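Everything below concerns the one structure shown next.
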Amino acid sequence: MIRFQGVTKLYPNSARPALEDASVEIEKGEFVFLVGQSGSGKSTFLRLVLKEEKPTKGQIWVAGKDLSRLSHWKIPALRRQIGTVFQDFRLLPNKTVRENVAFALEVIGKPRHTVAKVVPEVLELVGLGGKEDRMPDELSGGEQQRVAIARAFVNRPMILIADEPTGNLDPSTSVGIMRLLDRINRTGTTVVMATHDSHIVDSMRRRVIELEHGHVTRDQSRGVYGYAR
Amino acid sequence: MRARFVLSEMSIGLRRNLSMVLAVVLTAAISLSLLAAALVLSKQIQTMKDYWFDRIQVSVFLTKAVTEPERTAIREELVQLPQVEHVYYESQSQAYARFKQQFKDVPSLVKNTPESALPESYRVKLKDPKKYQIVASAVQRMPGVDQVQGKSKALEQFFRFLGYGQKIALAVALVALAAAVLLIFNTVRLAAFSRRRETGIMRLVGASDLYIQAPFILEGALAGFLGSLLAVGGLLLTKALIIDRGIHGMFGDVVNYVSWGAVASIIPIIILTGVLLASITSAVTLQRYLRV
């Protein structure tokens, strides 16, 4: 589903590459944790998958497509197959829960009746049934992240990318979010989650890819956050 | 493309950015008005310029009682002068036809002028326009010559004045249009910035460039269109009040004034300039500030 082959990313005006000679293969339906300290290259990895950045060297395949051969106007089609969730939720503060999720479908031109049908379904799935008309600032952090996950998943993407989705949440709320991501993973969606949270990684026992100064230093199935713990 | 979605995004943007959009509308209106003024002046000059104006330097009008030998003698005298390049003859009926054409917007004048009131004439083109005096004195006293006229000094100055006015209006219009472009550029940039949350999410979920940019471009186009409508309104008022009632009322039919048809032909130019300028500027701005 995602394949990196000798990928190096050097940002302009930066002496050290953010990612160097990274080779990783993630299969369809996998759940992968991307761990490492700040600046280790996790975010660069995710940005490369979304083709928000181009690699300096190496090749990347996502959902069967060679990103280096993907023309500019086909990038939107790629991103429709990837849902994205962030630490800071990125909801639209002046739209309701329902409108926030519907927005993701409207801007890719889905017809109105489709939107009306799938938005309640996905809100039910993430456990927000009955809160459709709330504004984001009336929700708790965990609920806001659920809205963000609903928005990322409403188009049934093949890949879900989560960049520190529990970074702003307390431990018990984080557990709920992880259960939700696990459930989404069980529908066949590949989940790639960058995180700092050792408890979560340790308790989930999924594949762990560790990055350090831009290098892949560990790739372990059913791994834990770090050896030293 | 879901029109309703794009339109609602556009109206949200317009409301959020109202003061800047108003500034764009007014700047566009002012610059387009000046452009319209320049165009009206050029139409006015075209309307007033006589058929002969660019062709001849000296007109020799003949008396009513001129005889055929006199006519021939005058022609031969003109042709043999070394300063003369060409001599045209205009008969009474030709003069009348041109008169009718020239004053077709003033039917009362045409109706009250019989063909016999217009003199026949020789229209002379000189090799060197400054030698006018030599040619004039050579034929002035010949029998059958009523009067010799050089190009009217006053008229020429008037045209020069109008020409300057046109050039100034055009220059100021260009400066104002440049100001409008810069203002649109800034407005769109601000609009893109104030909606970066929305556009960021749109990019992330895979909205196409067109979808993301259309509301901004339409916003710009609408502002340009409103500005051009204001300019057109000003143009029509100028024609109705200043030209037709003001100048025409004061000076009467001394010259032909720019017609409603000529004014109407300017309107599409103004609207098209306004809309295209605004949408192209918006699109170019977005290329820089809203990359996928």
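Listed conditions (1) within 10 Å of another protein chain (Cβ to nearest Cβ); (2) open to solvent by less than 40 Å² (accessible area, probe 1.4 Å); (3) more than 18 Å from the chain's Cα centre (by Cα); (4) hydrophobic (A, V, I, L, M, F, W, C) are all met by residue A:70, apart from (1). Restricting attention to segment A:75-90, the residues that are open to solvent by 70 Å² or more (accessible area, probe 1.4 Å) and facing chain B (nearest Cβ under 10 Å) total 2. For segment A:91-123, the candidate set comprises residues that are away from chain B (no Cβ under 14 Å) and farther than 20 Å from residue A:165 by Cβ; within that set, the residue that is most open to solvent (accessible area, probe 1.4 Å) is A:117.
Which residue, of A:176, A:188, is outside any helix (DSSP H, G or I), among the small types (Gly, Ala, Ser), away from chain B (no Cβ under 14 Å) and surrounded by fewer than 19 Cβ atoms within 10 Å (Cβ to Cβ)?
Values: A:176 fails: outside any helix (DSSP H, G or I).
Going through A:176, A:188 in turn, just one is outside any helix (DSSP H, G or I), among the small types (Gly, Ala, Ser), away from chain B (no Cβ under 14 Å) and surrounded by fewer than 19 Cβ atoms within 10 Å (Cβ to Cβ): A:188.
For the list (1) open to solvent by less than 50 Å² (accessible area, probe 1.4 Å); (2) among the hydrophobic types (A, V, I, L, M, F, W, C); (3) out of contact with any Asp or Glu (no Cβ under 6 Å at 6 or more places or on another chain), I need the number of the one condition that residue A:209 fails. Exception for residue A:209: condition (3). With respect to (1) closer than 25 Å to residue A:6 by Cα; (2) in contact with a Phe, Trp or Tyr (Cβ under 8 Å, 6 or more places away or on another chain); (3) open to solvent by 10 Å² or more (accessible area, probe 1.4 Å), the lone exception for residue A:194 is condition (3). Kindly evaluate residue A:14 against the criterion of being open to solvent by less than 70 Å² (accessible area, probe 1.4 Å), touching an Asp or Glu at 6+ places or on another chain (Cβ under 6 Å) and in a loop (DSSP other than H, G, I, E, B). Judged against the criteria, residue A:14 is not a match. Residues that are in contact with a strand residue (DSSP E or B) (Cβ under 7 Å, 6 or more places away or on another chain) and over 19 Å from residue B:146 (Cα atoms) within segment B:86-124 comprise just one, B:86.
So which residues in segment B:177-199 are within 14 Å of chain A (Cβ to nearest Cβ) and either open to solvent by 50 Å² or more (accessible area, probe 1.4 Å) or in a helix (DSSP H, G or I) (or both)? Talk me through it step by step, then tell me what you get.
Step one: list which residues in segment B:177-199 are within 14 Å of chain A (Cβ to nearest Cβ), which gives B:194-199.
The answer is B:194, B:196, B:197, B:198, B:199.
For segment A:40-120, the helices (runs of 4 or more DSSP H) that sit wholly inside it and include 1 or more residues that are out of contact with any Cys (no Cβ under 9 Å at 6 or more places or on another chain) and closer than 24 Å to residue B:214 by Cβ are A:75-79, A:97-106.
The values are calculated or read from the model by the stated rules, or taken from the named source; none is laboratory data. Note that the coordinates shown come from a computational prediction; the quantities given were computed from them, not determined experimentally. Cβ sites come from the backbone with ideal geometry, for glycine too, and all protein chains shown count toward neighbours. Areas reflect the complete protein model, heavy atoms only, side chains present, ligands, DNA and RNA absent. Shrake-Rupley method; radii C 1.70, N 1.55, O 1.52, S 1.80 Å.
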